[in-house]
Amino acid sequence: MRLSMRILCAAASLTACGGTAPSAPAAPAGPSFDPIAFFDGHTRSRGVVEDRSGAPTERIATDGHAFIGTDHRLHLVQHLTYEDGKTLERSWTVWRTGPNRYAATANDMVGTAAGEADGGTFHWRWVLARSPGNPLTNVTMEQWMYDGGDGSALIRTTVSTFGFIVAEVTEHFTHAGTVAQGS
């Protein structure tokens, strides 16, 4: 069970069976959350994976390094580490497609993610290839990013398959120089 949860939740970085995805809270006032600006540089996260009943199943940490290339796209490599020591690497490319709109690809993504910022909230979704070449194992990742106002972000990811939520991941992201004590 632990391995299947790890596979389901591996997309979390950059979520109760049969339920519907949570609706977005009102967006905080202020400038729109910009994932390119936020993830540029060195970021880290600490988080928890929960099964469909909301019970925590494991902890996850990420360590990301990114830069904005001459193509004006963010190039991000995230190293995900689970509490049992298993690791995964995800390589992202993120770009702006319009005012407050973004798209992304990743090495384990099917197609392209599309997202939009609304004030301090950013939302997008994509399909994660759990077993490349076997579309029956793909899961849909829906992610909400909330600007913490202090250079951090809270990110909530819902993992679903065939319309059923199978796991949720909650992570707190900071820039490497601002990681909370004890993280």
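The values are calculated or read from the model by the stated rules, or taken from the named source; none is laboratory data. The structure displayed is predicted, hence computed values, not measured ones. Reconstructed Cβ throughout: ideal geometry from the backbone, glycine too, with neighbour counts over all protein chains shown. Only protein heavy atoms, including side chains, enter the accessible area calculation; ligands, DNA and RNA are left aside. Shrake-Rupley method; radii C 1.70, N 1.55, O 1.52, S 1.80 Å.
The set of residues in the stretch 67-99 being open to solvent by 90 Å² or more (accessible area, probe 1.4 Å) and among the basic types (K, R) consists of K86, R96.
Residue count for the stretch 76-90, restricted to those that are assigned to a strand (DSSP E or B) and either out of contact with any strand residue (DSSP E or B) (no Cβ under 6 Å at 6 or more places or on another chain) or of a type in the set (D, E, K, R) (or both): 2. The number of residues in the stretch 107-123 being farther than 11 Å from F33 by Cα, in a strand (DSSP E or B) and open to solvent by 20 Å² or more (accessible area, probe 1.4 Å) comes to 5. None of G64, G54 is in a loop (DSSP other than H, G, I, E, B) and either open to solvent by 20 Å² or more (accessible area, probe 1.4 Å) or modelled with pLDDT of 95 or more (or both) except G54. Going through (1) of a type outside the set (F, W, Y); (2) more than 20 Å from D40 (Cα to Cα); (3) part of a loop (DSSP other than H, G, I, E, B); (4) open to solvent by less than 40 Å² (accessible area, probe 1.4 Å) one by one, P132 falls short only on (4).
Do you know which residues across the stretch 145-154 are surrounded by fewer than 22 Cβ atoms within 10 Å (Cβ to Cβ) and under 11 Å from the mean Cα position of the chain (by Cα)? Of everything in the stretch 145-154, just one residue is surrounded by fewer than 22 Cβ atoms within 10 Å (Cβ to Cβ) and under 11 Å from the mean Cα position of the chain (by Cα), namely L154.
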